[in-house]
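Undergrad: My structure is below; once you've seen it, I'll send some questions.
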Amino acid sequence: MTRGPTRHLVAVMLLASLSVLAGRDASAQGAPAGTVRVMVGVPAGGVVDPYARLVGEHMAATLGRTVIVENKPGANGNIAAQMVVDAPADGSLIWLGTQSMTEINPSAYPKLRWSMKDFVPIIKGVEAPLVLVTHPSIPARTLPELIAYLKSNPKIGYASFSPGTPSHFLGSQMNERFGLDMAHIPYKGSGPQINDMVAGHVAVGFSQLGSTTQHIAAGKLNAIAVTSAARSTFLPDVPTLKELGHADFTTTIWFGMFVRAGTPEPLVTAYVTAAKAAHADPGVKSALQKMGFHVTAQTGPQVLDDILAQGERWARLIKATGFTAD
């Protein structure tokens, strides 16, 4: 007959179990006792939603709490942001903010009832350049060739994945820089934008990297240039607009998480710890990279400082174009 474990072995096993539980409790210390809701200001689909769900699921395991992702689309994320600002500063709501929501909305929406100073950053998680793409029906493979073609065909429009986003304003910048007259054709998300571009309904546009790489690889879209400061590892053969002599076109989109200002510091610390763990997880990181993202996982007060600085840049461009979301 096989003998059961000795008292010493039982004690060791018990101590090991308590150690695991204590580690989880320590990582969750300061987290709210109830459900945490991540407010996403865009419809399900695209690339924002899967990012929120990947990171939120991992954070739930770290915090030992239920984390639910809720889509609250409208006004380019303003509805979701306002819900967080209007809620108690108890950490029960997290806002999924993006580059356009945080840097552009405060200037594009004159009647906005919130500002970035109403939020504390948890993490600026991922970023990616935009890609200037064309439908294969346009016989241009370089930026000079594209400009020449567009000047000869002035009725061609450009697609953006939403008005008031970099894909909108960069197209406007192209018009001004190169003396073009492309009409702006806005869409409600990167999915509809790319679907119409692949179908040839709109032939030019600045699109999100994660939405286009598969179509570029399949020859359904042509990549002309990317908007990052350096070439993207996902499209190493595609030049940057900066290296083509247009450094002021440089920008990246990014996604991150925020809580309402005034949230107790222990809660913020718990969320930052959980968010950093999520972005460092090999499985999560690999999934995000497959979506076309560079995982930056930036935390600390510098995140908000960068947002406010970039906001000044976009404010000048918005003023120059006369755009207003209202």
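The values are calculated or read from the model by the stated rules, or taken from the named source; none is laboratory data. None of these values were measured; they are calculated from a predicted model. For neighbour counting, all protein chains shown are included, and Cβ atoms are generated from backbone atoms with ideal geometry for every residue, glycine included. Accessible surface is based on the protein model in full, side chains and every heavy atom, while ligands, DNA and RNA are left aside. Shrake-Rupley method; radii C 1.70, N 1.55, O 1.52, S 1.80 Å.
Undergrad: Below 15 angstrom from the Cβ of A148, what's the summed charge of the other residues (Lys, Arg +1; Asp, Glu -1)?
TA: Net local charge, A148 excluded: +1.
Undergrad: Go ahead and collect, in residue order, the members of segment 146-177 whose backbone nitrogen is under 17 Å from a label point 7 Å along the Cα-Cβ direction of K188.
TA: 160-165
Undergrad: Let me ask something else. Is the shape of segment 227-326 best called rounded, prolate or oblate, per the rule: a/c under 1.5 gives rounded, else a/b larger than b/c gives prolate, else oblate, with a ≥ b ≥ c the square roots of the Cα gyration tensor eigenvalues?
TA: Verdict is oblate for segment 227-326.
Undergrad: Beta carbons within 10 angstrom, averaged per residue: use that to sort the peptides 140-150, 97-107, highest first.
TA: 97-107, 140-150
Undergrad: Applying the Karplus parametrisation 6.51 cos²θ - 1.76 cosθ + 1.60 with θ = phi - 60° to the phi angles of segment 171-188, what ³J(HN,Hα) value in whole Hz is obtained for each residue in order, glycine and proline being reported as x?
TA: My calculation for segment 171-188 gives x, 5, 4, 4, 4, 5, 5, 10, x, 9, 9, 5, 7, 7, 10, x, 10, 9 Hz in order.
Undergrad: Could you do me a favour and compute the accessible area per residue for the chain, 1.4 Å probe, result in Å²?
TA: Here the per-residue accessible area is 45 Å².
Undergrad: Still on this structure, please answer the following. When the helix-only estimate is applied to the chain (DSSP H runs of n ≥ 4, each -39,500 (n - 2.57), divided by the residue count), what is the mean residue ellipticity at 222 nm, nearest 500 deg cm²/dmol?
TA: So the helix-based figure for the chain works out to -13500 deg cm²/dmol.
Undergrad: If you plug each phi of segment 295-309 into the Karplus form 6.51 cos²θ - 1.76 cosθ + 1.60 with θ = phi - 60°, what whole-Hz ³J(HN,Hα) values come out, in order, with x for Gly and Pro?
TA: Residue by residue, segment 295-309 yields 7, 9, 6, 7, 10, x, x, 4, 4, 5, 4, 5, 4, 5, 5 Hz.
Undergrad: What does the charge count around Q214 come to, taking other residues whose C-beta lies under 14 Å from its C-beta (Lys +1, Arg +1, Asp -1, Glu -1)?
TA: Charge balance near Q214 sits at +2.
Undergrad: Based on the Cβ-Cβ distance from L308 to A87, what FRET efficiency comes out when R0 is 22 Å, to the nearest 0.05?
TA: Plugging the Cβ-Cβ distance into 1/(1 + (r/R0)^6) gives 0.45.
Undergrad: Tell me, how many Å apart are the Cα centres for segment 46-106 and for segment 139-187?
TA: For segment 46-106 versus segment 139-187, the Cα centre distance is 32 Å.
Undergrad: When a/c reaches 1.5 or more, the comparison of a/b and b/c decides; with that in mind, is segment 56-165 rounded, prolate or oblate per its Cα gyration tensor?
TA: prolate
Undergrad: Now a separate question. Just one of (1) 6, 30, 39, 22, 3, 0; (2) 5, 22, 28, 23, 14, 6, 1, 0; (3) 6, 25, 31, 20, 10, 5, 3, 1, 0, 0 is P(r) over Cα pairs in 10 Å bins from 0, in percent calculated from these coordinates, so which is it?
TA: (3)
Undergrad: What percentage of the solvent-accessible surface of segment 134-208, computed with a 1.4 Å probe over protein heavy atoms, is contributed by carbon and sulfur atoms?
TA: 54
Undergrad: Taking K and R as +1 and D and E as -1, what net charge do the other residues with C-beta under 15 Å from the C-beta of T252 add up to?
TA: 0
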